[in-house]
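Below: the structure, in structure tokens.
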Amino acid sequence: MPLSYDFYSLSNFSPDNFSSLAEVLSPELIDKCLSESGVATLRKRRLPLDMMVWSIISMSIFRDMPMRDIVNKLDILLPGNRPFVAPSAVVQARKRLCIKAIKKIFYQTQQQWHQHTPHPNWCGLTLLGVDGVVWRTLDTAENQSEFAKTKNGKCESGYPQVLMVCQMELTSHLLTGASFDSVSTNEMNLAADLIETTPDHSLTLFDKVFIR
């Protein structure tokens, strides 16, 4: 199945496709990962951290919607006097939600999905692939100090950029791991970060840029 089919399917999703976000990700797993990461979610807040996890996941699916609209549209707020959440509350909640918690949720979910998916194999080995992709970030002073820009002898890109090197199962396109850094980072260094999370009994394929 071509990877383009996955992107096409994802683009057809809308908030109305989800009768319950719990169909996609277990609330119990989110609570477990938050607890193991040392993050406390206060239920008295209008936008608790477990609900903020839903909004971040939804942000990756509904890429054309602002974060505030996602939070309000998906009805993940606790009851309150106001029907909508202020933009500042969304920003504050994202800051409270640490990177460690999101990484733990990613690795826990990918392990579960791979365990329940009957992947084809080669000689008993799961086939994986590693490659890199570059993402643009907002052109802010903070991002410029953190991330480099690609350039050649004539020009420079207009945005700071992030390099992502990811590992995926080749038949389902489910990710097994990912590593991020500035675009100035060597891809092979990021690929080395994936060794720890590479599953047993697997064969990982690389393109020639990694063979030096």
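The values are calculated or read from the model by the stated rules, or taken from the named source; none is laboratory data. What you see is a predicted model, and the numbers here were worked out from it, not measured in a lab. Virtual Cβ from ideal backbone geometry, glycine too; neighbours counted across all protein chains shown. Accessible surface is based on the protein model in full, side chains and every heavy atom, while ligands, DNA and RNA are left aside. Shrake-Rupley method; radii C 1.70, N 1.55, O 1.52, S 1.80 Å.
Listed values, structure above:
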| read-out | value |
| --- | --- |
| Total formal charge among the other residues, if their Cβ is under 14 angstrom from that of D131, Lys/Arg +1 and Asp/Glu -1 | -2 |
| D131 versus V209: modelled label distance in nm, points set 7 Å from Cα along the beta carbon direction | 1.0 nm |
| ³J(HN,Hα), Karplus 6.51/-1.76/1.60, whole Hz, each residue of segment 104-110, x for Gly, Pro | 5, 4, 4, 5, 5, 5, 5 |
| Normalised alpha carbon radius of gyration of segment 113-187 [divisor 2.2 N^0.38 Å] | 1.48 |
| Accessible area in the full protein assembly, largest first, 1.4 Å probe, for I105, I57 | I57, I105 |
| Among the listed pairs K151/K208; K149/K208; K32/K95, those beyond 26 Å (Cα-Cα) | none |
